[in-house]
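The values are calculated or read from the model by the stated rules, or taken from the named source; none is laboratory data. All values reported here derive from a predicted model rather than from experimental measurement. Note: ideal-geometry Cβ built from the backbone for every residue, glycine included; neighbour counts use all protein chains shown.
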Amino acid sequence: MIPIHPSNIKMAEQYCQYTLKLLHDNTPYDRRVFQTGVAAHYILEVLGKKANQEQRELSQEETTETIETICKELVSKTRYYDGVPEPPMPLQDIHEAKLITEKWTRWNTLPHDANYEEEFAFDKDMNPCTYNDPNAIFRTIIDMVHVYKDENQQTVAHVRDYKSSWYITGQLDNIQRKAQAVVVWMKYRPDVLIMDVTSIRTGQSLTKQIQALPNEPMLYEWADFIKLAALKLTQINKLIPQPGLNCYQCPFARSCRFAVEFANKSNHVVKKYSAAKALAKSLESEVKAITKDNPVTQGNTTVGYVAKETKALHKDANEDILNAALQAGWDIYEIFSYINMTRTQAEKILKDLPQEQRDKLEHVLTTKITTRFGIHK
Ligand code: SF4
């Protein structure tokens with residue numbers, strides 16, 4: 001039995017339960033986009049554990065030095081996730097992880113008495129077990145769990161999840177957060193849970209406090225949902241494919257025979273279109289890589305990059321045109337009548353104007369509803 005992670009439950013909800021069968025069968029899928037995050041998480045784990053070892057917070061110099069060493073190590077070292085070797089990390093992703101962790105640690109410290117990358121696992125009756133226990137049906141690893149007594153002698157469990165993405169909205173109420181709250185609550189029985197999602201890219205943190213006692217019914221309900229989902233999703237050979245609109249952006253679309261069959265055979269033209277788009281999208285990055293230097297041509301059709309003339313402006317164009325117009329005796333309003341200001345440009349100007357002027361311009365930014373064709377997810 002392969003234990004289920006919160007991300008697996010999310011995948012089954014977002015696409016279909018059959019994704020877990022494909023994952024279990026080691027069906028290849030593109031994970032390259034996650035590599036900066038993987039590297040950044042590893043850096044923060046090592047920094048946190050080093051602070052624990054030293055029994056004090058690390059200085060800025062120690063932090064910078066340690067990040068440097070870890071990045072050198074990441075270039076050559078093979079990492080494993082649940083015993084499965086990870087593909088080598090591209091140098092660009094390691095470099096990006098280095099930059100964002102250096103920046104984040106300049107303003108944030110890691111406690112020296114927290115658990116980093118703490119493992120949790122439960123069996124079919126939701127009894128805790130070791131992470132690699134063959135009876136585990138559910139397991140998860142949390143980036144940081146810091147349990148301490150606050151000034152009122154309440155036990156607080158601060159549960160932090162690092163994200164390397166720019167946007168973290170909507171992350172406080174998802175299945176991952178619920179799973180983290182449940183497993184930490186079951187293990188430490190704190191009075192208060194602080195659920196924290198931190199973007200190490202922007203420094204933004206979203207937090208939510210859960211008082212454990214009054215919220216016990218909710219925590220039990222979440223635990224029941226996780227147990228049910230894990231019991232169902234661990235029955236790998238009984239998972240049913242649901243090809244259709246949900247195949248769009250499914251990481252397995254390119255290798256899933258049900259999506260391919262659906263794209264070829266469905267009688268429902270919209271579903272057929274969506275499955276075909278899902279397949280095309282899942283193949284796009286590979287097709288781009290293959291055709292980067294050698295476009296593929298058949299008859300008068302080419303797939304790949306072709307040279308195309310694009311009209312552009314010289315870097316000094318704005319200044320040169322403005323000066324020429326002023327010399328010709330035009331005033332600023334006349335010049336403006338030729339220019340169509342975009343919303344982004346207006347926002348930039350507003351941002352830099354004094355508050356008093358900004359207040360007078362509230363009406364200029366408007367919102368209207370338009371329709372846009374496509375597959376929206
Ligand atoms: S491609 Fe479609 S049918 Fe196949 S696993 Fe993904 S969502 Fe399910």
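Scanning the stretch 148-183 for residues that are buried (at least 17 other Cβ atoms within 10 Å of the Cβ) and in contact (Cβ under 8 Å) with a residue 40 or more places away in the chain turns up HIS158, TYR162, LYS163, SER164, ILE175, GLN176, LYS178, ALA179, GLN180, ALA181, VAL182, VAL183. Restricting THR19, THR78, THR36, THR64 to residues that are within 16 Å of the ligand (Cβ to nearest atom) and among the hydroxyl-bearing types (Ser, Thr, Tyr) narrows the list to THR19. Hey, could you check the stretch 39-68 for residues that are among the aliphatic types (A, V, I, L, M) and in a helix (DSSP H, G or I) and say which is modelled with the lowest pLDDT? Looking at the filtered set, the residue picked out is ALA39. Only a single item in (1) modelled with pLDDT of 90 or more; (2) over 19 Å from GLN249 (Cα atoms) is not met by THR36, and it is number (1). Would you please name the residue that is farthest from the chain's Cα centre (by Cα), looking only at residues in the stretch 123-140 that are within 29 Å of ILE43 (Cβ to Cβ) and surrounded by 18 or more Cβ atoms within 10 Å (Cβ to Cβ)? For the stretch 123-140, the residue satisfying everything is ALA136.
For the stretch 223-249, name all the residues that are among the hydrophobic types (A, V, I, L, M, F, W, C), surrounded by fewer than 18 Cβ atoms within 10 Å (Cβ to Cβ) and away from the ligand (no atom under 15 Å from the Cβ). Answer for the stretch 223-249, where residues must be among the hydrophobic types (A, V, I, L, M, F, W, C), surrounded by fewer than 18 Cβ atoms within 10 Å (Cβ to Cβ) and away from the ligand (no atom under 15 Å from the Cβ): PHE225, LEU228, LEU231.
The single condition among (1) within 25 Å of LYS187 (Cβ to Cβ); (2) modelled with pLDDT under 90 that THR130 does not meet is (2). With respect to (1) at pLDDT below 90; (2) farther than 28 Å from SER282 by Cβ; (3) not in a loop (DSSP other than H, G, I, E, B), the lone exception for THR109 is condition (3).
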